[in-house]
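Structure first, commentary second.
The values are calculated or read from the model by the stated rules, or taken from the named source; none is laboratory data. It should be emphasised that the depicted structure is a prediction, and the values quoted were computed from it without experimental measurement. We place every Cβ from the backbone using ideal geometry, glycine too, and count neighbours over all the protein chains shown.
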Amino acid sequence: MKPKVAFFDFTSCEGCQLDVLNLTGEELLDLLAGVEIVSFREAISRNDEDYDIAFIEGSISRDSEIPRLQKIRKQAKILVAMGACACIGGVNCLKNHLTMNEALTMVYGADAKQFDTIPARPINAVVPVDAYIRGCPAQTGEFAKLVKALLIGKKPETPSYPVCTECKMAGNICVYELGKTCIGPVTRAGCGAICVTGGRQCWGCRGLVDEPNINSQEEILKKYGLTPAQVVEKFKIYNTYSEVKK
Ligand code: SF4
Ligand code: SF4
Ligand code: SF4
């Protein structure tokens, strides 16, 4: 019997689920041959409550989301965090720099009292997580690879080295040489340094490496006459949760 798979969204833009829908050709056929999708609001009307693997998109930012996530955890044999919001809190955690009243008023103005909100957090702050697909959005290729690994009972591999390693392998000129900043030295690799290769910088969407070498980031800043304050805004975009917990 094929394992039953369900997708769930919490506080998110739903871009990670959309990326799964970009699966085509062989990858899509492999997925459909290996699993039975029993709940996926963006793609099918079926909505079964009996599933083995749950993919969770989004962070937790309302009280009502906590029991919903706990219920999913209870049902699922394997629970996977999909995308930066679910894995590390992501952009939703930017509001954690404000009081919740300030955040509500900023968004809803005079209607703020009608809504509830709590400081945003990744899903592993609420329930145990078995596997992670990182990035904003989570990449289709990594999703397909993870499903394959789960089907053969293998633990999915996660790089423990920083984006700089992949960036150098891609032959990029370091953006610090071009007068820009980047947080690749402390960010977990796995994306192939796609943003730098595409002419931008790393914003840390895959979260921090397990033991971030802060010294290496500081040395780079020093070399280019910069201060930590000049990269901290970049760091906050995705990684506020690892810095601010209210
Ligand atoms: S990780 Fe990015 S693409 Fe995915 S839900 Fe969050 S904001 Fe959207
Ligand atoms: S700091 Fe950024 S641009 Fe420089 S090598 Fe590292 S990832 Fe590449
Ligand atoms: S380069 Fe940085 S921001 Fe871009 S996908 Fe990789 S980890 Fe995310």
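Scan the range 197-246 for residues that are surrounded by 14 or more Cβ atoms within 10 Å (Cβ to Cβ), out of contact with any Pro (no Cβ under 8 Å at 6 or more places or on another chain) and polar (S, T, N, Q) and report the count.
5
How many residues are in contact (Cβ under 8 Å) with a residue 40 or more places away in the chain and of a type in the set (S, T, N, Q) if we restrict to the range 130-175?
Total satisfying the criteria: 3.
Determine which member of the set ASP116, ASP111 is farther than 30 Å from LYS155 by Cβ, modelled with pLDDT under 95, away from ligand 2 (no atom under 16 Å from the Cβ) and not in a helix (DSSP H, G or I).
ASP116
If you check GLN230, GLN201, which single one turns out to be farther than 30 Å from LEU79 by Cα, in a helix (DSSP H, G or I) and within 15 Å of ligand 2 (Cβ to nearest atom)?
GLN230
Does the range 125-133 contain any residue that is in a loop (DSSP other than H, G, I, E, B), over 19 Å from the mean Cα position of the chain (by Cα) and within 20 Å of ILE66 (Cα to Cα)?
Checked the range 125-133: no residue is in a loop (DSSP other than H, G, I, E, B), over 19 Å from the mean Cα position of the chain (by Cα) and within 20 Å of ILE66 (Cα to Cα).
Right, GLY171: on the phi > 0 side of the Ramachandran plot, surrounded by fewer than 19 Cβ atoms within 10 Å (Cβ to Cβ), outside any helix (DSSP H, G or I) and more than 11 Å from ligand 2 (Cβ to nearest atom) or not?
So GLY171 does not fit the description; no.
So, in the range 109-150, how many residues would count as being over 26 Å from GLU211 (Cβ atoms), touching a Lys or Arg at 6+ places or on another chain (Cβ under 9 Å) and either among the basic types (Lys, Arg) or not assigned by TED's automatic domain parsing to the domain that holds ASP30 (or both)?
Residues in the range 109-150 being over 26 Å from GLU211 (Cβ atoms), touching a Lys or Arg at 6+ places or on another chain (Cβ under 9 Å) and either among the basic types (Lys, Arg) or not assigned by TED's automatic domain parsing to the domain that holds ASP30 (or both): 1 in total.
Can you tell me which residue within the range 174-196, out of those that are assigned to a helix (DSSP H, G or I) and near ligand 3 (Cβ under 8 Å from one of its atoms), is surrounded by the most Cβ atoms within 10 Å (Cβ to Cβ)?
Step by step, filter the range 174-196, then rank; the result is GLY184.
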